[in-house]
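Heads up: the structure comes next, in structure tokens.
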Amino acid sequence: MYTIYHSSGFPARDLLDELKRRGMVVREVDEHFIPDQLIPGIVLADNILIKRYEDMDGLRRYFGTLSYVITNEDANADLSVPSSWPTRLTLKAIEAGLRHTGLLVRQRMMEQTLDVERNQLLQLTNIGIALSAETNLDILLEKILTECRKLASCDAASLFLMERHDDDQANLIFKMTQNDTIRFPFEEKRFPLDRNSLAGFVALTGEELNIEDVHRAPADATWKFNSSFDLEMGYHTRSMLIIPMRNHQQEVIGVLQFINRKRDANVKLTNIEITKRETISFDAEISTLLRALASQAAVAIDNSILIASIQNLFEGFVSAAVTAIEQRDPTTSGHSFRVAELTIQLAAALTRSDHYRFRQTSFSDDDLKELRYASLLHDFGKVGVREHVLVKANKLPADGLERMWFRFEVLKEQLQRRAAEDKLDLLLSKGQEAYQKQLLPIDRNLAEELAHLDKLFAEVVLSNKPSILPDERFTNLEAIRAYPSFQVADRQLQLLTDQEFLALSVRKGSLTPEERKEIESHVVHTYDFLMHIPWTKQLKNIPSLAVSHHEKLDGSGYPHGLAETDIPLGSKIMTVSDIYDALTASDRPYKAAMPAERAISILEDEVKRGLLDSDLVAIFVEAKVFGWVDPNFGRSAKKIERPVQPQRDVCDYDFEGRFG
């Protein structure tokens, strides 16, 4: 029903009476009148009304675009009726205005419907873009429920995911739920997949369920509404829409369950009466929209799960690769895992610190992931270092001391045999009396020579230790080297070969200059190996982070001798963690674990020498990062049956001979 508006001084009173007689709503416009611009009407605009609103444009703005203006005062009206027209013709003009107003209303309703559909399409598009951009599954599921409920004005919603097993069995995981009316603790649950529940029925059949009232289920329904939640929480479920989520292969991967669509999204359904009054069914239009959104959600979930599985696959590969390297020696197993953990903890502590230098420093999830992988793989290049160099606990190779001992024993045997031969010759040529006189000097000389050889070998044993070599011991090594050679069969042997002398005369540690270069080359091997991996954009810095973990601030590090400003921050963090773990690792055959206090003292000493970042070491100590990681973290519990030569941690070589 449309309203006909007129001024208080409208002259054609007979016209107004006829309109009322015909059942039309006629209303006088006074100074207090405020029209409802959403309700269409006919405005009989005489000179009084036009002047009240200044002009025809002002009158139109006041009554709204759904009003039809008839006047004999202004040519800009929708219909101009001469004042001389009889009532009959004026009524026909008003009837034409009513028809025109009806057309305006229908046009406006169509425009509003089009706007709603356009907004829904835009909303659906934006939701799809947001879902496709999110890779975190938990955040993704939260977005799906939130946006779906917002789109359909649902009070509550739940999301279930399928969990398939190799034996063709499947579970339904109650993954997430939201409810505007009530708050309750949620715990993820797994249910056997069957047709008895609403979600199970939809998951198994792939059919959509649209239920106006779950308490009035069809008699032939195989599913049953579980009212336990309603009874426990005092909630009342009424209308429901349950939609299967299908991936691009048309497999059902989950179920979306929408509960209690509301007339007003802001209403809380606190009792049964409000629920019955405010809830409405899911019509075909909203069902179509939610179905489209469920399809987008399924693809997004499938992609997220695929990304997660690829991530897990890569994580497993990295862990397996690191474990395989460290299984070469159970005594150092876990080092890379602990360094990675310490590095991430130090990076986190750095961003939490109040240090002025790091106030603008932050690490995204991708940054931390990149740093963690670089830390895990920082020693992977050990595969390129020869085994006997990598496991070299002393200056001589593993069997080098034993070979030297054998030569000393052969020479001692020759001296003993020569003394025995001298005694026999003396006895046969000089007789018993001369033999008795010379026996004691021969034995004394032999004992002195044997003792001298034992002393020389003892010097070799001491020199073989990877400690600092005193000048006196170096002189003794030169004396051993100058000891006359002796013949065994057709070979001329020396007590100490040139190569052995070079190894034993190392002033600090156990490595010769050539061997040290080979050990240091492990970072280059690491870099070369990591450069062969097609890293994603987020992980592209892993090779450069890993290769720089032995660089020092003063440029004395390796492999490139980088200056402080050229060393990545992540590598500086990793360096602190690497050194600390190498110093404090559990007891090894070649050294005891160092207490945390002593290791921290060494880190601080490295800072004083200009080798380590002072701010990072300070944060490492102040935040007690070292206390967050178990020294046994990452160690393999698997027993290795084969004999293993103790393998030194690569970082040990940077400190060998410096600290007890």
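The values are calculated or read from the model by the stated rules, or taken from the named source; none is laboratory data. Only a predicted model underlies this, so the values are computations on that prediction, with no experimental measurement involved. Virtual Cβ from ideal backbone geometry, glycine too; neighbours counted across all protein chains shown. SASA here: full protein model, heavy atoms, side chains in, ligands and nucleic acids out. Shrake-Rupley method; radii C 1.70, N 1.55, O 1.52, S 1.80 Å.
Between the range 385-409 and the range 521-563, how many Å separate their Cα centres?
Spelled out, the Cα-based centre of one part sits 31 Å from the other.
Please arrange K608, K175 by accessible surface area, largest first, computed with a 1.4 Å probe and ligands excluded. Before the final figure, lay out each step's value.
Values: K608 175, K175 40 Å².
In descending accessible area the options line up as K608, K175.
Using the Cα centre of the chain as the reference point, and only Cβ charges (+1 on K/R, -1 on D/E), how large is the resulting charge dipole? Debye, rounded to the nearest 20. Walk me through the numbers on the way to the answer.
Working: 80 positive and 100 negative charges, 113 e Å.
Around 540 debye, computed over the chain.
How high is the FRET efficiency between K624 and T205 when r is their beta carbon distance and R₀ equals 60 Å, given to the nearest 0.05?
Numbers: r = 57 Å, r/R0 = 0.95.
E between K624 and T205, to the nearest 0.05, is 0.55.
Calculate how many DSSP beta bridges within the chain are antiparallel, expressed in % of all such bridges and rounded to the nearest 5. Can you show the working numbers first?
Details: 36 of 50 bridges.
Rounded to the nearest five, the antiparallel share is 70 percent.
Please work out how much accessible surface H32 shows to a 1.4 Å probe, ignoring ligands, DNA and RNA, in Å² rounded to 10.
Surface accessible to solvent at H32 totals approximately 150 Å².
Evaluate Rg over Rh across the range 402-485, taking Cα atoms for both radii and Kirkwood's formula for Rh. Could the numbers behind the result be given before it?
Details: Rg = 16.8 Å, Rh = 14.7 Å.
Checking Rg against Rh, the ratio lands at 1.14.
Skipping prolines and chain starts, which residues have an amide H placed within reach, meaning under 5 Å, of the one on R261, given they are 5 or more residues away or on another chain?
It is D155, S239, I280, by chain and number.
Do any trypsin sites (Lys or Arg not before Pro) in the range 329-377 lie in a loop, going by DSSP, with at most 15 other beta-carbon atoms within 10 Å of their beta carbon, and if so which? Present the calculation step by step, with values, prior to reporting the outcome.
Values: sites: R338, R352, R357, R359, K369, R372; in loops: R359.
Qualifying residues, ordered by number: R359.
With each pseudo-label sitting 7 Å past Cα toward Cβ, what's the F314-D30 distance in nm, one decimal?
So the label points at F314 and D30 sit 7.7 nm apart.
Across all directions of projection, what mean area in square nanometres is found for the Cα convex hull of the range 260-300? Please list the in-between numbers first.
Working: hull surface 14.3 nm².
Projected area, direction-averaged: 3.6 nm².
Per residue, how many Å² of accessible area does the range 93-182 show with a 1.4 Å probe? All intermediate terms of the calculation are to be shown ahead of the outcome.
Working: 4760 Å² over 90 residues.
Spelled out: the 1.4 Å probe surface of the range 93-182, per residue, equals 53 Å².
Could you give the length gained on full extension between L114 and E251, defined as 0.36 nm per residue of separation minus the Cα-Cα distance, in nm?
45.9 nm
Would you compute, from DSSP H runs of 4+ residues alone, the mean residue ellipticity of the chain at 222 nm, taking -39500 (n - 2.57) per run and dividing by the full residue count, rounded to the nearest 500?
On the way: 22 runs with 328 residues, N = 660.
My calculation for the chain gives -16000 deg cm²/dmol from helical runs alone.
Quick one: pull the percentage of alpha-carbon pairs in the range 186-249 with a separation above 17 Å.
Numbers: 970 of 2016 pairs.
Summing the P(r) of the range 186-249 above 17 Å gives 48 percent of all pairs.
Rank K572, K537 by accessible area, highest first, at a 1.4 Å probe radius? Spell out each step's value before the answer.
Details: K572 25, K537 160 Å².
Output order, biggest surface exposure first: K537, K572.
Quick one: if you stick a label point 7 Å off each Cα along the C-beta vector at Y483 and A130, how many nm between them?
8.3
Provide the solvent-accessible area of W405, counting protein heavy atoms only and rolling a 1.4 Å probe, rounded to the nearest 10 Å².
Accessible surface of W405 is approximately 120 Å².
Could you list which residues have their amide H under 5 Å from that of S7, counting only those 5 or more apart in sequence or on another chain, with H placed in the peptide plane?
Sorted by chain and number, the residues that satisfy this are V29, D46.
P(r) tail for the range 160-271, what percent of Cα pairs lie past 18 Å?
Of the Cα pairs, 54 percent sit more than 18 Å apart.
Given a cut-off of 21 Å, name the pairs among K465/K508; K572/K608; K465/K608; K395/K572 whose C-alpha atoms lie farther apart than that in the structure shown. If you can, show how the numbers build up before the last one.
On the way: K465/K508 9 Å; K572/K608 16 Å; K465/K608 28 Å; K395/K572 30 Å.
Pairs exceeding 21 Å: K465/K608; K395/K572.
Work through the residues other than E111 whose Cβ is under 12 Å from its Cβ and net out their charges, Lys, Arg +1 and Asp, Glu -1. Don't skip to the answer; put the middle values down first.
Working: positive: R106, R108, R118; negative: D115, E117.
Around E111, the surrounding residues sum to +1.
Hey, what's the Kirkwood Rh for the range 77-186 if you take every pair of different alpha carbons, in angstrom? Write down the numbers at each step before the final one.
On the way: mean 1/r = 0.0515 Å⁻¹.
Value: 19.4 Å, from the Cα pair sum.
Take every Cα-Cα pair in the chain and report what % of them are more than 42 Å apart.
Numbers: 131618 of 217470 pairs.
Beyond 42 Å sits 61 percent of the P(r) for the chain.
Work out the charge dipole of the range 434-573 with +1 on the Cβ of Lys and Arg and -1 on the Cβ of Asp and Glu about the Cα centre, then indicate which of S505, A546, L439 is farthest towards its positive end.
Among S505, A546, L439, the one farthest towards the positive end of the dipole of the range 434-573 is A546.
Give me the percent relative contact order of the chain, please, defined on Cα pairs under 8 angstrom at least 6 residues apart.
Numbers: 929 pairs, mean separation 70.4, N = 660.
Relative CO of the chain lands at 11 percent.
Please calculate how many Å² of accessible area the range 267-343 carries per residue, with a 1.4 Å probe and no DNA, RNA or ligand atoms counted.
On the way: 3260 Å² over 77 residues.
Each residue of the range 267-343 exposes 42 Å² on average to a 1.4 Å probe.
Amide H neighbours of Y68 under 5 Å, counting only residues 5+ apart in sequence or on other chains, H built in-plane at 1.01 Å?
Those qualifying (amide H under 5 Å, at least 5 residues apart or on another chain) are G41, I42, V43.
Relative contact order for the range 244-371 using alpha-carbon pairs under 8 Å, separation at least 6, rounded to a whole percent?
Working: 72 pairs, mean separation 22.2, N = 128.
Once normalised by length, the contact order is 17 percent.
Based on DSSP H assignment, which helices of the chain show an axial Cα extent of at least 30 Å together with a mean Kyte-Doolittle hydropathy greater than or equal to 1.0?
Values: long enough: 87-133 (68 Å, 0.02); 284-326 (62 Å, 1.02); 400-430 (44 Å, -0.58); 432-463 (46 Å, -0.15).
Result, helices passing both filters: 284-326.
Run the accessible area of the chain with a 1.4 Å probe and give the carbon-and-sulfur part as a rounded percent.
Values: 18220 of 34850 Å².
Looking at the chain in its full context, I get 52 percent from C and S.
Just the C-alpha atoms of the range 434-571: what Rg/Rh do they give, with Rh taken as the Kirkwood radius? Don't skip to the end; give the middle numbers.
On the way: Rg = 25.4 Å, Rh = 19.6 Å.
In the range 434-571, Rg relative to Rh is 1.29.
Under 19 Å from a point 7 Å along the Cα-to-Cβ line of Q438: which residues of the range 386-426 have their amide N that close?
Only 415-426 fall inside the zone, counting backbone N under 19 Å.
Averaging sequence separations of C-alpha pairs under 8 Å and six or more residues apart, then dividing by the length of the range 502-567, give the relative contact order as a whole percent.
Values: 55 pairs, mean separation 14.3, N = 66.
About 22 percent, as a whole number.
Considering only protein heavy atoms, what per residue accessible area in square angstrom results for the range 440-586 with a 1.4 angstrom probe?
Numbers: 7270 Å² over 147 residues.
Per-residue value: 49 Å².
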